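Peer 1: Below is one structure. I have some questions about it.
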């Protein structure tokens with residue numbers, strides 16, 4: 001068990017170093033030697049766990065998205081009204097992104113790798129599907145509809161969930177690239193409220 005804990009701690013140490021280097025230098029500008037230096041480990045220790053930069057980036061994506069999935073699962077299982085959980089899902093995402101100035105650039109850098117690295121593409125694809133499904137489930141609950149609601153209610157919930165997930169992605173990109181700073185958390189929640197009001201204006205039968 002001690003060896004497993006030590007190995008897990010080393011992997012976390014390497015991921016933390018890689019996250020810093022990828023965010024500041026970009027994936028293509030980063031060298032494994034830069035990550036070795038940032039981690040404080042030996043080159044041999046780094047290569048023991050990750051043979052290539054691509055393997056390391058893929059592992060980092062899996063680690064980041066697994067942590068996000070764990071948080072979503074806990075939130076979905078919480079005994080709280082759906083409206084509160086929906087708000088926390090959106091606001092929590094924004095808070096996590098904005099509290100660390102390196103996190104948004106890192107996320108964009110890693111997402112761009114999905115274009116050429118199939119495993120990263122698959123990982124992001126599954127995660128986005130899971131996030132959208134959480135949105136759909138909460139929206140149906142907000143509208144007091146059953147998970148297997150009739151076709152029209154389900155169609156509207158699907159469309160609203162996709163709109164919300166797209167709004168999160170789009171506003172995050174805009175916030176990352178904006179010349180003038182704005183409050184991502186508040187803007188995201190404003191957009192969500194508009195979409196939810198539209199959904200509630202046509203309640204499920």
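Every number here is computed from the coordinates shown, using simple stated rules; none is lab data. These numbers were taken from a predicted model, which means no experiment stands behind them. Here the Cβ is made from the backbone with ideal geometry for all residues, glycine too, and neighbour counts use every protein chain on show.
Peer 1: Over the stretch 57-200, what relative contact order in percent results from Cα pairs under 8 Å that are six or more residues apart? Let's see the in-between values first.
Peer 2: On the way: 106 pairs, mean separation 40.2, N = 144.
With pairs under 8 Å counted, the relative contact order is 28 percent.
Peer 1: Ranking 189, 175 by Cβ neighbours within 10 Å, fewest first, what do you get? Before the final figure, lay out each step's value.
Peer 2: On the way: 189 16, 175 19.
Ordered by Cβ neighbours within 10 Å, fewest first: 189, 175.
Peer 1: Let me ask something additional. Taking the radius of gyration and the Kirkwood hydrodynamic radius from Cα positions alone, what is the Rg/Rh ratio for the stretch 93-198, to two decimal places? It would help to have the intermediate numbers written out before the result.
Peer 2: On the way: Rg = 15.4 Å, Rh = 15.2 Å.
Rg/Rh for the stretch 93-198 comes to 1.02.
Peer 1: Per q in 0.10 1/Å, what log10 I(q)/I(0) does a Debye calculation on the alpha-carbon atoms of the chain return?
Peer 2: For the chain, the Cα-only Debye profile gives -0.51.
Peer 1: Please report, in cubic angstrom per residue, the volume enclosed by the convex hull of the alpha-carbon atoms of the stretch 59-111. Can you show the working numbers first?
Peer 2: Details: hull volume 3.9 nm³, N = 53.
Hull volume over Cα atoms, normalised by residue count, gives 73 Å³.
Peer 1: What nm distance separates the two modelled labels at residue 194 and residue 43, each placed 7 Å from Cα along Cα→Cβ?
Peer 2: Result: 5.4 nm between the two label points.
Peer 1: Which three extents, in angstrom, do the Cα atoms of the stretch 1-83 have along their principal axes, listed largest first?
Peer 2: 49, 34, 18
Peer 1: Please order 177, 108, 171 by the number of other Cβ within 10 Å, starting at the fewest.
Peer 2: Numbers: 177 9, 108 15, 171 18.
Ascending number of Cβ neighbours within 10 Å: 177, 108, 171.
Peer 1: If R₀ is 25 angstrom, what is the calculated FRET efficiency for the pair residue 187 and residue 70, using the beta carbon separation as r and rounding to 0.05?
Peer 2: Details: r = 26 Å, r/R0 = 1.04.
In this case the efficiency is close to 0.45.
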